[in-house]
There are 2 protein chains.
Amino acid sequence: MKNYKLTISYDGSRYFGWEHQPDKDTIQGKLEAVLCRMCDEDIEVIGAGRTDAGVHAKAMVANVRMDTKFTPEEIRDYMNRYLPDDIAVQEVHEASERFHARYKATGKLYCYTCFDGEVKPVFRRKYVTVLDGRVDVDKMRRAASCLVGEHDFKSFCSNPQMKKSTVRIVDSIDIQRKKDYIYLNFHGTGFLQNMVRILVGTLLEVGYGRIAPEQLVQILDAKDRKLAGPTAPPEGLCLERVDY
Amino acid sequence: MKNYKLTISYDGSRYFGWEHQPDKDTIQGKLEAVLCRMCDEDIEVIGAGRTDAGVHAKAMVANVRMDTKFTPEEIRDYMNRYLPDDIAVQEVHEASERFHARYKATGKLYCYTCFDGEVKPVFRRKYVTVLDGRVDVDKMRRAASCLVGEHDFKSFCSNPQMKKSTVRIVDSIDIQRKKDYIYLNFHGTGFLQNMVRILVGTLLEVGYGRIAPEQLVQILDAKDRKLAGPTAPPEGLCLERVDY
C-alpha cells in the first residue's frame, strides 16, 4: 500500500462542495469514483480541507493510500481521462507513509475576487463576485490589519455550536485593486467554517462605508457572529495553495 | 431616429452564433429581444460580422437605429439588466447617421488560443482549444509569414460556392507561446467564412510537423480547400477588436 499526494484544480460552480454526499455531485465523490474504477476497490481521498458548494480550487491537496502498478504520472493521466472537464489532477507524487493532507497542512492561501465595475465581466463571471457598488480598498486594508494575528475568530464562524477552539492565526491579509477587480488574499494556518467568506463579507461592509475599519476590533472581541458582516457568496473564493 | 454604436462582449459557448435564427439562441437574437422590449418595437442590430456557433467576442461592434429617450449609458445599463450573464454591453455611444458596423469596419483582430500542456486547463476550458500534442511555434511562425499580405484565400474558405472575391488582406499574424498556451493573433481587413479557423487548423498541422512551413505557398496557390488543414474548433476563437 503506497501513499500518494495529489494536487487538484476544480471549478466548484456545479458541485455541492468537496465532501462526498449520497446522490450529489461533489469533488471528493468524483475523485473517489475514478480511483475506485482504477483500483477496483473503494478508495478514500483525504483532502486538506473541505471547500463549500460553489468554491473553487487551483491547488487543493489530497492524499490517497492505494495499491496500484501505475506510476504517479500514469495515475494523473488516468484520472484526467475519466474526470469531468471541471476537475483536473495537476500532480501526483508518492508521499511518505505518514503524509496526511489534512493533519500535516501548515498553512493555506485563499484568494477572494470581487468586481465593482459598471459592466459585469463575461468571461470570468463564474469566478468573481460582482459587488453592488464601488468599495474603498484603503478602508478595507485598515480593517484587515485588525484581523491579522492570533485571535478568537468566533464572530467569523458560521457554526454557533462549535465546541473546539475558535482561535486561529491569520498570517496576512493582502488586498489589491487592479482596475475594477479587487483581490483579497488570506494566508493562515487554518480557517473556521465559512471564515474566509465572513471575513470578506465584513471587509466589504467596511469598503461600502457601513462599518468603520476600527470597529473590527470590537467585532472580534464580541465573539458574536451577528456583529460581523454577511457571508460573501462562494463563487469569488478559490483555494490557491496548501503549505506543508 | 438616432444611430448608436454598441460594443459587446459574449461567451459564445451556448449560442448558435451571432446571427438570429428562429427558435435558436443567438447573440443577435438576444440583443434584439432586449432592445425590442426597451423600445416596444422591432429593432435590428447590425453586427460588424457574424461569429460562428461557439465563438466568443471581447468587443464585437454593432449599430442600432432607434428612437429612445434613454441616454447611451442608460441604454447600456438597461440592456445589461435584461441580457443573460454571458452577454454584456460594454459601451454605447451615439454615432453619426452614416455609421454602419459592417460596411464601415476597416479591420478586425481575432485571437485564437490553444493549450498543449499535459493537464487540461480547468478555469479557461471554455476559451481554449486543447491540442493533441506539443506544437513547434517557430515552424508555425514561418508558415504564417507566407500568409501575410494580399492573397486569394479560397483554400481557406469553407464556402465552395463563394461567388464574390476570395481575395483578402491579412496585415499580420502574430504567434506567441506563454508556457503551455499558444496565442495566434490575426489582423486583417476582413475574413472569409471560417477563414481564421481554417488558417489555425492549417498552422497547427505545421506545428505538429505534418505540413512543412513552405507548403503554405502551394496551398494558397492551389485555391483548393482540400489542401488546407481542418477547421479548428470554435471555442479557442475570440473577436478581440473591430477597427473603424
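The values are calculated or read from the model by the stated rules, or taken from the named source; none is laboratory data. Just so it is clear, the model here is predicted, and its values are computed rather than measured. So basically every Cβ, Gly included, is an ideal-geometry build from the backbone, and we count neighbours across all protein chains shown. The protein model used for the area step is the full one, side chains on, heavy atoms only, and it has no ligands, DNA or RNA in it. Shrake-Rupley method; radii C 1.70, N 1.55, O 1.52, S 1.80 Å.
Scanning region B:38-76 for residues being open to solvent by 60 Å² or more (accessible area, probe 1.4 Å) and within 14 Å of chain A (Cβ to nearest Cβ) gives a total of 4.
Of the residues making up region A:196-205, those that are surrounded by 24 or more Cβ atoms within 10 Å (Cβ to Cβ) and of a type in the set (A, V, I, L, M) are A:VAL196, A:LEU199, A:VAL200, A:LEU203, A:LEU204. Across region B:93-109, not a single residue is classified as in a helix (DSSP H, G or I), open to solvent by 10 Å² or more (accessible area, probe 1.4 Å) and of a type in the set (Phe, Trp, Tyr). Among the residues making up region A:100-118, those that are within 14 Å of another protein chain (Cβ to nearest Cβ) and over 12 Å from A:LYS179 (Cβ atoms) are A:CYS111, A:THR113.
Would you point out the residue of region A:121-136, among those that are under 19 Å from A:LEU237 (Cβ atoms) and among the aliphatic types (A, V, I, L, M), that is farthest from the chain's Cα centre (by Cα)? Explain how you work it out, then say what you get.
Step one: list which residues in region A:121-136 are under 19 Å from A:LEU237 (Cβ atoms), which gives A:121, A:123-132, A:135.
After this cut, where a residue has to be among the aliphatic types (A, V, I, L, M) as well, the list is A:128, A:130-131, A:135.
Numbers: A:VAL128: 14, A:VAL130: 18, A:LEU131: 20, A:VAL135: 23 Å.
Checked region A:121-136; the qualifying residue farthest from the chain's Cα centre (by Cα) is A:VAL135.
Among the residues of region A:14-37, those identified as within 14 Å of chain B (Cβ to nearest Cβ), outside any loop (DSSP other than H, G, I, E, B) and crowded, with 19+ Cβ neighbours inside 10 Å are A:ILE27, A:LYS30, A:LEU31.
Give me the pairs: first residue in region B:4-29 and free of Cβ contacts under 8 Å to residues at least 12 places away in the same chain, second residue buried (at least 19 other Cβ atoms within 10 Å of the Cβ), beta-carbon distance under 7 Å, and six or more apart or on different chains, which are they? Pairs that qualify, where the first residue is free of Cβ contacts under 8 Å to residues at least 12 places away in the same chain and the partner is buried (at least 19 other Cβ atoms within 10 Å of the Cβ), are B:ASP25/B:TYR15; B:THR26/B:TYR15; B:THR26/B:GLY17; B:THR26/B:TRP18. Examine region A:117-131 for a residue that is in contact with an Asp or Glu (Cβ under 7 Å, 6 or more places away or on another chain) and more than 30 Å from B:ALA88 (Cα to Cα), and state whether such a residue exists. No, region A:117-131 contains no residue that is in contact with an Asp or Glu (Cβ under 7 Å, 6 or more places away or on another chain) and more than 30 Å from B:ALA88 (Cα to Cα).
Of everything listed in (1) more than 22 Å from the chain's Cα centre (by Cα); (2) without any contact (Cβ under 8 Å) to a residue 24 or more places away in the chain; (3) within 25 Å of B:THR189 (Cβ to Cβ), the single unmet condition for B:GLU150 is (1). In the set B:LEU192, B:LEU184, B:LEU216, only one residue is surrounded by 13 or more Cβ atoms within 10 Å (Cβ to Cβ), modelled with pLDDT of 95 or more and in contact with a strand residue (DSSP E or B) (Cβ under 8 Å, 6 or more places away or on another chain); that residue is B:LEU184. Scanning region A:160-218 for residues that are of a type in the set (Lys, Arg) and within 24 Å of A:GLY17 (Cα to Cα) turns up A:LYS163, A:LYS164, A:ARG168, A:ARG197. In region B:77-92, the qualifying residues are those that are in contact (Cβ under 8 Å) with a residue 40 or more places away in the chain, in contact with a strand residue (DSSP E or B) (Cβ under 7 Å, 6 or more places away or on another chain) and not hydrophobic (A, V, I, L, M, F, W, C), and the one that is surrounded by the most Cβ atoms within 10 Å (Cβ to Cβ) is B:ASP86.
Before we move on, is A:THR7 within 14 Å of chain B (Cβ to nearest Cβ) and more than 25 Å from B:ARG124 (Cβ to Cβ)? Break it down stepwise before answering.
Numbers: within 14 Å of chain B (Cβ to nearest Cβ): yes; more than 25 Å from B:ARG124 (Cβ to Cβ): no.
Taking the combined requirement at face value, the residue does not satisfy it.
Got a number for residues in region B:112-141 being touching a Cys at 6+ places or on another chain (Cβ under 6 Å) and surrounded by fewer than 19 Cβ atoms within 10 Å (Cβ to Cβ)? Number of matching residues: 1. Would you mind stating whether B:LYS139 is under 21 Å from B:GLY236 (Cβ atoms) and within 14 Å of chain A (Cβ to nearest Cβ)? Judged against the criteria, B:LYS139 is not a match. Being open to solvent by less than 10 Å² (accessible area, probe 1.4 Å), part of a strand (DSSP E or B), of a type in the set (A, V, I, L, M) and modelled with pLDDT of 95 or more is a condition met by at least one residue of region A:4-13. Scanning region A:214-244 for residues that are within 17 Å of A:THR129 (Cα to Cα) and part of a loop (DSSP other than H, G, I, E, B) returns A:GLY229, A:PRO230, A:THR231, A:ALA232, A:PRO233.
How about region B:62-75: which of its residues are touching a residue at least 60 places away in the same chain (Cβ under 8 Å) and out of contact with any Ser or Thr (no Cβ under 9 Å at 6 or more places or on another chain)? Once the filter is applied, which keeps residues that are touching a residue at least 60 places away in the same chain (Cβ under 8 Å) and out of contact with any Ser or Thr (no Cβ under 9 Å at 6 or more places or on another chain), region B:62-75 yields B:ASN63, B:VAL64, B:ARG65, B:MET66, B:ASP67, B:THR68, B:PRO72. Apart from one condition, B:ALA144 fits all of (1) surrounded by fewer than 18 Cβ atoms within 10 Å (Cβ to Cβ); (2) under 19 Å from the mean Cα position of the chain (by Cα); (3) among the small types (Gly, Ala, Ser); the exception is (1).
Go through B:PRO230, B:PRO234 for me and flag whichever is open to solvent by 50 Å² or more (accessible area, probe 1.4 Å), under 24 Å from B:PHE16 (Cα atoms) and at pLDDT 95 or above.
Answer to the check: B:PRO230.
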